[in-house]
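The values are calculated or read from the model by the stated rules, or taken from the named source; none is laboratory data. These figures come from a predicted structure and were not determined experimentally. Reconstructed Cβ throughout: ideal geometry from the backbone, glycine too, with neighbour counts over all protein chains shown. Ligands, DNA and RNA are excluded from the accessible area calculation, which covers all protein heavy atoms including side chains. Shrake-Rupley method; radii C 1.70, N 1.55, O 1.52, S 1.80 Å.
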Amino acid sequence: MRYPTLILSVICTVFAAGTAQAEKRVAFVVGNGTYKNVAPLPNPSVDAKAMAAALRNVGFEVVEGSNLTRDKMTERLLDFGKKAQGADVALFFYAGHGIAISGTNYLLPIDADIKSEMDVKLGAAINIDLTLEQTMGDAKVKLVFLDACRDNPFAAKIKSNSATRSVNVQTGLAEMKSGEGTLIAFATGPGQTALDGQEGGNSPFTRALLANLTQPGVEIQQAMTKVRAQVNEETNKGQLPWGHTNLIGAVYLNGAPAPGAVAAAAPAAGAKPGSDVELEFWRSIKDSNKPEEFNAYLTNYPNGQFRSLALSRIASLESGAKDATRNLSTGIDPATFKEEANQTTEDQIGLDKGQRRDVQRRLNGLGFDTKVTGQFDAPTRAVITRWQAARGYPKSGYLNRLQHKALLTEIVAAAPTASSDEERPAPKRRAPSTVQAQPQAQPQQPPPQRQYSNPGPDPAGAGRFIGGVVGGMLR
């Protein structure tokens, strides 16, 4: 009986390999960094080359490019659109500068010179929505990864040249909805900015994609949960990838697990499918102070087990944001929103260890959690950056006199308690005595004020467009 079983196994293996080879997979991978009219980005071309190699290893035909002008990007998109027609899987990866104007996202070629909204709409930038629709619309599964949420380098020019001064130019990219069979993933949340990483390496988002996306036997939504967790941890909770998913089946980029492995990994009786992935997602955001991260959870799990907690947290954060805006709207020097901070400006303040502790306590009291150590280490710098971003101050992780003064004027909801062993006073011990003292009436003390925090979950309970553009240009 062994030989028929062995032969059947070989036949199944050959059939599976033939099926994998027959599947049509096409990817568009571009990284733009050597911009001619704004400061260059060091890593997008590195990100693109690494991603292209990873995708070729799992059977993708890759249309690749680095540091492309508007004309060269159009050529690559036309090629991609032709090859992606009828594809089983079409994947779009872009690293570089992007821009959001009035809720519409655009990619920036390296020769982009944008001075106004008109420049964008006349073709200096590439409309992402139309591009995806026209190049990937016929594919069965569409995967989009945008590592393009860096600071918008043209925002100030567009605003200053706007006739009405009412044009809406966002810092990062705007939210996008996915159609059927589509997954869209951003390096960070809507309107937020992402880190580019150390020069010559990969950005945190691309590095996490490379580590998780093509792991053997890992379904793509589970891989993306791991990507979110990795980026969140690497950036000290300063960046959390965001996405919108409308896939209608399991998608594996490097082979589905064997049937035995699926059975072994099946959830216990009574557990909901995907509960482990959902729980990992929730754990990565439960202590966040960003409403968009809880909205991302609700988008992915509209009937999830932490739905009520997410809604409550969003309401609390939005209410706090309104109160903070009310409290911060007066008494703040307008220069606070413009003057950059760095190590030199912070040294000029002359903060001693006690004053640094006070800064950390105040950040805690305002919902920006950090340890009170009196040392401004990397985690504290990340928290200061988050506070600066929330207040609209220039982000650097360092303070200047104006920012420090603004922080001291903010109303802290509750007096922060010591959060390090160094600050907790040792309990007083009564001196030994051989004479029994008479009890004395002690003045009644008011009960100590309790500090409340939002509890975490219990783990146990828990190409037509491009053709049209080119055609229009040729008319």
Kindly flag which residue pairs out of Lys237/Lys290; Lys36/Lys72; Lys24/Lys83; Lys237/Lys371; Lys49/Lys237 have an alpha-carbon separation exceeding 20 Å in this structure. Lys49/Lys237
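Taking Rh as the Kirkwood radius computed over C-alpha pairs, what is the Stokes-Einstein D of segment 73-148 at 25 °C in a medium of viscosity 0.890 mPa s, expressed in µm² per second?
Working: Rh = 13.1 Å.
Stokes-Einstein gives a translational diffusion coefficient of 188 µm²/s.
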Short version: ³J(HN,Hα) in whole Hz for each residue of segment 332-348, in order, from phi by Karplus 6.51 cos²θ - 1.76 cosθ + 1.60 (θ = phi - 60°), x for Gly and Pro, what are they? 9, 4, x, 5, 4, 7, 10, 6, 6, 10, 8, 4, 5, 5, 6, 4, 5
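Before anything else, pin down the relative contact order of segment 85-138: Cα pairs under 8 Å, at least 6 apart, normalised by residue count, whole percent.
On the way: 47 pairs, mean separation 20.1, N = 54.
Normalised by residue count, the contact order of segment 85-138 is 37 percent.
Taking the Cβ of Asn212 as the center, what net charge do the other residues with Cβ under 14 Å away carry, scoring Lys and Arg +1 and Asp and Glu -1?
Result for the local shell: -1.
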How much accessible surface does Glu75 have with a 1.4 Å probe, in Å² rounded to 10? 100
